[in-house]
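Below is one structure; the comments refer to it alone.
The values are calculated or read from the model by the stated rules, or taken from the named source; none is laboratory data. As the structure is a computational prediction, the values presented were derived from the model and not from experiment. In this analysis, Cβ positions are derived from the backbone assuming ideal geometry, glycine residues included, and neighbour counts consider all displayed protein chains. Heavy atoms of the whole protein, side chains included, go into the accessibility calculation; ligands, DNA and RNA do not. Shrake-Rupley method; radii C 1.70, N 1.55, O 1.52, S 1.80 Å.
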Amino acid sequence: MDQNFPRMSGWKNGYDPAQVDSFFKRARESFERRTPQPGDLDARAVRTVGFSLVRNGYHVGVVDAALDRLEDVLAKRSRELLVAQSGEDAWVQELTRAASSLRGRLVRPEGERFATADTGVIGYDITEVDALLNRINGYFSEGRAMSVDEVRRALFKTRKGQRAYDEDQVDAFIDRVVEVMASVD
């Protein structure tokens with residue numbers, strides 16, 4: 001897992017190299033242990049990590065792609081550990097539980113899946129979020145093809161107030177979707 005990321009050039013900001021290097025060192029240590037220890041990094045920690053932006057920092061897109069790969073590896077490892085400890089049925093039950101927790105929001109009527117942003121507050125375009133949720137629902141309920149990267153890379157236009165969903169609610173839901181999808185792939 002040794003990383004050698006390219007740096008941003010000119011006046012462009014990138015991720016703080018010291019923070020990125022420290023995080024990937026910790027990830028490597030967590031991954032190389034035969035048995036997980038308290039405090040080890042997991043797929044959720046990788047998905048939610050944030051780095052400061054600095055001049056001449058690491059290239060954001062390249063680091064993000066490496067984080068996606070790391071998240072997938074850790075999700076797969078977690079699944080393998082659960083199967084080894086508790087059996088395939090336990091993993092299927094956990095996956096079914098996690099996926100069913102998403103269903104309630106996926107089947108709500110369009111425009112009512114999340115709270116709207118407060119007046120004057122920026123949020124995500126309701127129509128675009130609903131379109132993605134319709135695709136996600138098709139993935140879970142009808143087996144339609146969709147990759148976890150499509151969900152990870154989803155971008156929404158911003159709107160204000162009643163034309164927008166609350167960003168924090170949408171982001172938290174998308175994180176759970178990614179968590180479930182990454183554990184399947």
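A few remarks follow.
- Conditions (1) modelled with pLDDT under 80; (2) under 20 Å from the mean Cα position of the chain (by Cα); (3) over 24 Å from Ser183 (Cβ atoms): number failed by Asp2: (2)
- Residue list for segment 151-173, restricted to those being without any contact (Cβ under 8 Å) to a residue 24 or more places away in the chain and surrounded by 15 or more Cβ atoms within 10 Å (Cβ to Cβ): Ala154
- In this structure, Arg34 does not qualify as under 27 Å from Val184 (Cβ atoms) and in a helix (DSSP H, G or I).
- Count - residues of segment 28-51 that are farther than 17 Å from Leu81 by Cα and either modelled with pLDDT of 95 or more or of a type in the set (A, V, I, L, M, F, W, C) (or both): 4
- The set of residues in segment 111-140 being farther than 27 Å from Ala75 by Cα and without any contact (Cβ under 8 Å) to a residue 24 or more places away in the chain consists of Gly111, Glu112, Thr127.
- Any hit, segment 16-23, residues being open to solvent by 40 Å² or more (accessible area, probe 1.4 Å), in contact with a Ser or Thr (Cβ under 8 Å, 6 or more places away or on another chain), in a helix (DSSP H, G or I) and at pLDDT 90 or above: yes
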